[in-house]
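Here's the structure we're looking at; comments come further down.
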Amino acid sequence: MIQAAAKPLAWDDFRLIKAIADKRALPAAAAALGINHSTVFRRLGQIEEALGVRLFERHRSGYVATPAGEEMVQLAARVDDDINAFSRKLAGQEITPAGELRVATNDTLVVDLLTPLFAQFLAQCPDIRLDILIGNRAANLSKRDADVAIRATDNPPETLIGRKPARIAWALYGRAADFPDTEPPPIEALWQRRWISMGEEFAVMNAVRYVALHVAPERVAYKVNTVLGLAEAVEAGIGIGFLPCFIGDTRPGLTRLAPPDPTLGTDLWLLTHPDMRHTPRVRLFLDFLATEVARLKPLLEGERLAAGSRPE
């Protein structure tokens, strides 16, 4: 157990110890806290001296918490969770829809789907400001990394609640100039062509697994780690590849080579933390997006549209 300290511990002391335990190195902990490396080193020594125990062992692999350090880190984590819960509770008591709304999503959805919807929302709700966080890594809504997450997934986190306004269909596309015939060739005839796919870090994606199962590795001429890069490569004629229909069907330079494959689709989710669902700006934003995305269901779910068009 930690001995009684001569000087009362402050919350910043707990934050510092938790940061060192999380990062296992003083420079990384200092960067996470926004302070100098020397400050972290000095404060760690002061805390250990005040407690009369060592909180970390210094190993080649980094700083490893002692039993006393682990106890302090666990307490810091509990307090951090309580502070975040209190913050979410207060945010849920807003009276009018105003202020900043942090939205986590990925570049594919932002570029080819969401930005026009965000523009419409801001025009209707001028007192709300959007802070868009783009990335494929899931944001921690419990810690208020974001207020809303918009994700294409069949397995949304159980800790979040949300709506599923549409399913994103995927189909096989090629450059239109390379396939002038009205009727595309059967899929079996396409295995020997050059293909494009996502990189190995996306091996869990249904479309990536499909290519790995059916296409010889030497036929996969190009890999890229974003769906936007995938679409650009197909349009450039590097090879053929699977794309979300809301991207492939709106690019005149692409042609669909096969109907959407139901096994490749993913659900589109609008997610938030349960404590935030009654916040006026969150509720208004989710209601707006659910309505607008539902209007775009034909595009998202792969119904055939005129080249380059979108549903009205």
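The values are calculated or read from the model by the stated rules, or taken from the named source; none is laboratory data. Worth saying up front: this structure is predicted, and the values here are computed from it rather than measured. Virtual Cβ from ideal backbone geometry, glycine too; neighbours counted across all protein chains shown. Ligands, DNA and RNA are stripped out before the accessible areas are found, and what is left, the full protein with its side chains, is counted by its heavy atoms. Shrake-Rupley method; radii C 1.70, N 1.55, O 1.52, S 1.80 Å.
S87 falls short on exactly one of the conditions (1) modelled with pLDDT of 75 or more; (2) surrounded by 12 or more Cβ atoms within 10 Å (Cβ to Cβ); (3) of a type in the set (S, T, Y), and that condition is (1).
Evaluation of L300 against the conditions (1) open to solvent by 40 Å² or more (accessible area, probe 1.4 Å); (2) more than 15 Å from G162 (Cα to Cα); (3) in contact with a Cys (Cβ under 8 Å, 6 or more places away or on another chain) shows that the sole unmet condition is (1). Is it true that some residue in segment 234-241 is within 28 Å of F121 (Cβ to Cβ) and modelled with pLDDT of 95 or more? No.
Across segment 6-30, what is the total count of residues that are outside any loop (DSSP other than H, G, I, E, B) and either more than 23 Å from D81 (Cβ to Cβ) or among the aliphatic types (A, V, I, L, M) (or both)? Matching residues across segment 6-30 total 10. Part of a strand (DSSP E or B) and either among the acidic types (D, E) or in contact (Cβ under 8 Å) with a residue 12 or more places away in the chain (or both) - does that describe any residue in segment 229-241? Taking every residue of segment 229-241 in turn, at least one turns out to be part of a strand (DSSP E or B) and either among the acidic types (D, E) or in contact (Cβ under 8 Å) with a residue 12 or more places away in the chain (or both). Could you please find all residues in segment 114-134 being open to solvent by less than 60 Å² (accessible area, probe 1.4 Å), in contact with an Asp or Glu (Cβ under 9 Å, 6 or more places away or on another chain), of a type in the set (A, V, I, L, M, F, W, C) and free of Cβ contacts under 8 Å to residues at least 60 places away in the same chain? Within segment 114-134, L130, L133 meet the criteria.
Taken over segment 31-65, the criterion of being surrounded by 15 or more Cβ atoms within 10 Å (Cβ to Cβ) and in a loop (DSSP other than H, G, I, E, B) is satisfied by I35, V53, L55. Residue count for segment 103-113 satisfying the condition of being open to solvent by 50 Å² or more (accessible area, probe 1.4 Å) and in contact with a strand residue (DSSP E or B) (Cβ under 8 Å, 6 or more places away or on another chain): 0.
Any idea which residue in segment 146-195 is surrounded by the fewest Cβ atoms within 10 Å (Cβ to Cβ), counting only those that are among the hydroxyl-bearing types (S, T, Y) and within 30 Å of E218 (Cα to Cα)? Here the answer is T182.
The set of residues in segment 243-253 being buried (at least 22 other Cβ atoms within 10 Å of the Cβ) and not acidic (D, E) consists of L243, P244, C245, F246, I247, G248.
Number of residues in segment 217-237 that are under 19 Å from T108 (Cβ atoms) and open to solvent by less than 50 Å² (accessible area, probe 1.4 Å): the value is 9. Taken together, the criteria exclude G162 from residues that are touching a residue at least 24 places away in the same chain (Cβ under 8 Å) and more than 30 Å from L286 (Cα to Cα). The one condition from (1) among the β-branched types (V, I, T); (2) buried (at least 17 other Cβ atoms within 10 Å of the Cβ); (3) at pLDDT 90 or above that V73 does not meet is (3). Taking interchain pairs and intrachain pairs at least six residues apart, which have beta carbon atoms under 8 angstrom, with the first residue in segment 259-276 and more than 11 Å from A149 (Cα to Cα) and the second of a type outside the set (A, V, I, L, M, F, W, C) and assigned to a strand (DSSP E or B)? Correct list of pairs: G265/R167; T266/R167; D267/K164; D267/R167.
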